[in-house]
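The values are calculated or read from the model by the stated rules, or taken from the named source; none is laboratory data. Treat the numbers as computed from the prediction; the structure is a model and nothing was measured. Glycine gets a Cβ as well: all are built from the backbone with ideal geometry, and neighbour counts include every protein chain shown. We work out accessible area using only protein heavy atoms, side chains counted, and drop any ligands, DNA or RNA first. Shrake-Rupley method; radii C 1.70, N 1.55, O 1.52, S 1.80 Å.
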Amino acid sequence: MRADAFLAAADALPVASLDALLGSRGLVVVAPHPDDESLGCGGLIAAARASGRPVHLVVVSDGCGSHTHSRLYPPEKLRTLREAETQRAVAVLGLGPDAVTFLRLPDAHVPSDGPEAEAAASAVARAAAAIGAGAVFVTWRHDPHCDHKAAAAIVALARPLMPGVRVYEYPVWGWTLPPETEVGPSPAGLRLDVSAYRETKARAVAAHESQTTDLISDDPEGFRLEPAMIDRLCGPYERFVAVPA
């Protein structure tokens, strides 16, 4: 199936409740970078916390690849900044600092297999077991970013360690794929109405100031989220593609 048709189908998935997505349990969100959790699952996290469900966030990479030419923010300082931004973002969504695990794998070089990937998979499985998660959410395997693909591969490695836990994938950069890209069969899955949490989600995304503003001013080639991209991801619905067991 072409990417444009797949994403149009994702936009038309059935609208479901938290119970339909998770059962009566909580969830783990796996984010390749600090900010993917807010962009792809901010409404889901806020809705789950508002209903009293446990949520744990696993951030896979250190986020140091966004501004590689900045002297004001060398890698260690940038990592510290991005982790602090993540904590501020998820606090807006209802998570405390103990509900976040930073794996600190190298940005743009997250492995899809091998010992480091297996260790990351074990960390995801431990997080799911610790809160009795009913589902794990990770970036779409066809997102055009190597770390997003690797995060999906890590969750696939974790799946045998999480019997009975559902897996969903959420597109972030998938919307930028060339429309003719082949991405496999038509999606199954669900949409969640997050209209009640749009303002909350937007505030969480904005907390990632290094990615949404000129906070890091000395790297003209540094990454910055485009307003149109933020608007695309902060609409009234979030889309979750079910991954077959």
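Below is a table of values for the structure above.
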item: Subset of region 168-184 that is assigned to a loop (DSSP other than H, G, I, E, B), modelled with pLDDT of 95 or more and not aliphatic (A, V, I, L, M) - its residue that is most open to solvent (accessible area, probe 1.4 Å); result: GLU180
item: Residue in region 187-203 that is touching a His at 6+ places or on another chain (Cβ under 8 Å) and either surrounded by 21 or more Cβ atoms within 10 Å (Cβ to Cβ) or in a helix (DSSP H, G or I) (or both) present; result: no
item: Hits in region 204-230 - residues which are under 16 Å from the mean Cα position of the chain (by Cα) and open to solvent by 30 Å² or more (accessible area, probe 1.4 Å); result: ALA206, ILE230
item: Check on GLU118, touching a helix residue (DSSP H, G or I) at 6+ places or on another chain (Cβ under 8 Å), of a type outside the set (Gly, Ala, Ser) and farther than 18 Å from ARG141 by Cα; result: no
item: Count of residues meeting criterion [aliphatic (A, V, I, L, M), open to solvent by 10 Å² or more (accessible area, probe 1.4 Å) and in a helix (DSSP H, G or I)] in region 156-167; result: 3
item: Extreme residue, nearest to ALA117 (Cα to Cα), among residues of region 41-51 that are open to solvent by less than 10 Å² (accessible area, probe 1.4 Å) and not hydrophobic (A, V, I, L, M, F, W, C); result: GLY42
item: Unique residue being closer than 17 Å to LEU103 by Cβ, open to solvent by 30 Å² or more (accessible area, probe 1.4 Å) and not charged (D, E, K, R) when the list is PRO75, PRO54; result: PRO75
item: Enumeration of residues in region 124-155 that are without any contact (Cβ under 8 Å) to a residue 60 or more places away in the chain and either in contact with an Asp or Glu (Cβ under 8 Å, 6 or more places away or on another chain) or open to solvent by 50 Å² or more (accessible area, probe 1.4 Å) (or both); result: ARG126, ALA129, ARG141, PRO144, CYS146, LYS149, ALA152, ALA153
item: Residues of region 204-245 classified as assigned to a loop (DSSP other than H, G, I, E, B), without any contact (Cβ under 8 Å) to a residue 60 or more places away in the chain and small (Gly, Ala, Ser), total; result: 1
item: Criterion: hydrophobic (A, V, I, L, M, F, W, C) and over 25 Å from TRP173 (Cα atoms) - qualifying residue of ALA91, ALA50; result: ALA50
item: Of all residues making up region 184-203, the number that are aromatic (Phe, Trp, Tyr) and without any contact (Cβ under 8 Å) to a residue 40 or more places away in the chain; result: 0
item: Complete set of residues in region 126-145 that are of a type outside the set (Lys, Arg) and under 30 Å from LEU177 (Cα atoms); result: ALA135, VAL136, PHE137, VAL138, THR139, TRP140, HIS142, ASP143, PRO144, HIS145
item: Conditions (1) without any contact (Cβ under 8 Å) to a residue 40 or more places away in the chain; (2) farther than 24 Å from ALA91 by Cα; (3) within 19 Å of the chain's Cα centre (by Cα): number failed by GLY164; result: (3)
item: Restricting region 18-33 to residues that are closer than 24 Å to ALA150 by Cβ and in a loop (DSSP other than H, G, I, E, B), the residue that is least open to solvent (accessible area, probe 1.4 Å); result: PRO32
item: Subset of region 78-123 [among the charged types (D, E, K, R) and either open to solvent by less than 40 Å² (accessible area, probe 1.4 Å) or at pLDDT below 95 (or both)]; result: ARG82, GLU83, GLU85, ASP107
